[in-house]
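Got a structure here, written out as structure tokens. Questions coming.
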């Protein structure tokens, strides 16, 4: 057993976070001690979260037609991808049908996701009514990802019944400009702070495999810790032909599991949600994410790529002796 990793794990279990120098050492040590890293990541998960796993699904309230230039995204009008350049907005009934499907599949939370930099007043007013209806009719939690929002908008989402707001940092501040140029890292930070101040839970993470290095991964994790988010989505690049990152190499399953485990050490009490790229990149090792410290999954299809059916993911949890966390 690697002594340095064991000592880091014990420090965390005793209630003290790792500092930057310890995290850098852990990254280095874990390259040759993969099994030890996962073993202790699982101990940390069990200590702070027990055997419960959060499960959520998403519905694209608006898909495509985005004028931003995120280099990994099929929804940008700047790239020639399989997604129509004209935005497609789902009807009320389509969104309500997604809520009904989530309840039918025993998925306790539904995220409504809009493409684009922000939403209009008309769209927000419509969503307020829909969110209230979902709560009343289907009794599931509702999260939202609507781009950059201000304080008034955040408070209105709270009043409508939204429990959590998603707005990812994507990567470190240093690397961000190589991935996005149409808005700033500060824009994203402000939105996270606005959501938290309004009383929303915050689901904020990033995407791995977009040219970042290990220092970038540490930087993002420490920024997420500073911001006090409660859930960190961990997406792994699914290269989309036509985007600037369309020819990128996929991450290996072992590398992905190592990243998840390292984040569990850095963010021991924060939910880690393995989301986009899970099926493509992890293949037969999907169930290992929980041993690596994952406490939350996105099930069903993602925004522009296929995921796994909820029944298959719920069966996986049952087979592993894990329980669905019914909290919102």
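Given the criteria within 21 Å of the chain's Cα centre (by Cα), surrounded by fewer than 19 Cβ atoms within 10 Å (Cβ to Cβ), more than 23 Å from residue 299 (Cβ to Cβ) and without any contact (Cβ under 8 Å) to a residue 60 or more places away in the chain, does residue 87 qualify?
no
Looking only at residues that are touching a residue at least 60 places away in the same chain (Cβ under 8 Å) and either in contact with a strand residue (DSSP E or B) (Cβ under 7 Å, 6 or more places away or on another chain) or assigned to a loop (DSSP other than H, G, I, E, B) (or both) in the stretch 223-233, which one is farthest from residue 76 (Cα to Cα)?
Of everything passing the filter in the stretch 223-233, 230 is farthest from residue 76 (Cα to Cα).
Has the stretch 92-101 got at least one residue that is surrounded by 17 or more Cβ atoms within 10 Å (Cβ to Cβ), within 21 Å of residue 308 (Cβ to Cβ) and in contact with a helix residue (DSSP H, G or I) (Cβ under 8 Å, 6 or more places away or on another chain)?
Yes; the residues of the stretch 92-101 include at least one that is surrounded by 17 or more Cβ atoms within 10 Å (Cβ to Cβ), within 21 Å of residue 308 (Cβ to Cβ) and in contact with a helix residue (DSSP H, G or I) (Cβ under 8 Å, 6 or more places away or on another chain).
Considering only residues that are more than 25 Å from the chain's Cα centre (by Cα) and outside any helix (DSSP H, G or I), which ones fall in the stretch 17-38?
Result: 32, 33.
To continue, here is another question. Of all residues in the stretch 241-258, count the ones that are assigned to a helix (DSSP H, G or I) and touching a strand residue (DSSP E or B) at 6+ places or on another chain (Cβ under 6 Å).
Result for the stretch 241-258: 1.
Continuing with this model, one more query. Pairs please, first residue from the stretch 8-37 and without any contact (Cβ under 8 Å) to a residue 60 or more places away in the chain and on the phi < 0 side of the Ramachandran plot, second anywhere and exposed (fewer than 14 other Cβ atoms within 10 Å of the Cβ) and assigned to a loop (DSSP other than H, G, I, E, B), Cβ atoms under 6 Å, 6+ apart in sequence or on different chains.
Every condition considered, the pairs that remain are 36/1.
Tell me whether the stretch 240-258 contains one or more residues that are closer than 30 Å to residue 13 by Cα, touching a residue at least 24 places away in the same chain (Cβ under 8 Å) and crowded, with 23+ Cβ neighbours inside 10 Å.
yes
Tell me, please, whether a residue that is more than 30 Å from residue 5 (Cα to Cα), surrounded by 17 or more Cβ atoms within 10 Å (Cβ to Cβ) and at pLDDT 95 or above can be found in the stretch 117-127.
Scanning the stretch 117-127 turns up at least one residue that is more than 30 Å from residue 5 (Cα to Cα), surrounded by 17 or more Cβ atoms within 10 Å (Cβ to Cβ) and at pLDDT 95 or above.
Among the listed residues 199, 177, 211, identify the single one that is part of a helix (DSSP H, G or I) and over 24 Å from residue 286 (Cβ atoms).
177
Between 95, 112, which is under 21 Å from the mean Cα position of the chain (by Cα), farther than 13 Å from residue 162 by Cβ and not in a loop (DSSP other than H, G, I, E, B)?
95
Out of 159, 118, 144, which single residue is assigned to a strand (DSSP E or B) and without any contact (Cβ under 8 Å) to a residue 40 or more places away in the chain?
Unique residue meeting the criteria: 144.
Another question, then. Please go through (1) out of contact with any strand residue (DSSP E or B) (no Cβ under 7 Å at 6 or more places or on another chain); (2) within 22 Å of residue 26 (Cβ to Cβ); (3) without any contact (Cβ under 8 Å) to a residue 60 or more places away in the chain for residue 206 and return the number of the only condition it doesn't satisfy.
Tallying (1) out of contact with any strand residue (DSSP E or B) (no Cβ under 7 Å at 6 or more places or on another chain); (2) within 22 Å of residue 26 (Cβ to Cβ); (3) without any contact (Cβ under 8 Å) to a residue 60 or more places away in the chain, residue 206 fails exactly one: (1).
Related question: Could you identify the single residue in 77, 113 that is buried (at least 16 other Cβ atoms within 10 Å of the Cβ) and closer than 26 Å to residue 289 by Cα?
So the residue among 77, 113 that is buried (at least 16 other Cβ atoms within 10 Å of the Cβ) and closer than 26 Å to residue 289 by Cα is 113.
The values are calculated or read from the model by the stated rules, or taken from the named source; none is laboratory data. As the structure is a computational prediction, the values presented were derived from the model and not from experiment. Note that we place each Cβ from the backbone using ideal geometry, even for glycine, and neighbour counts take in every protein chain shown.
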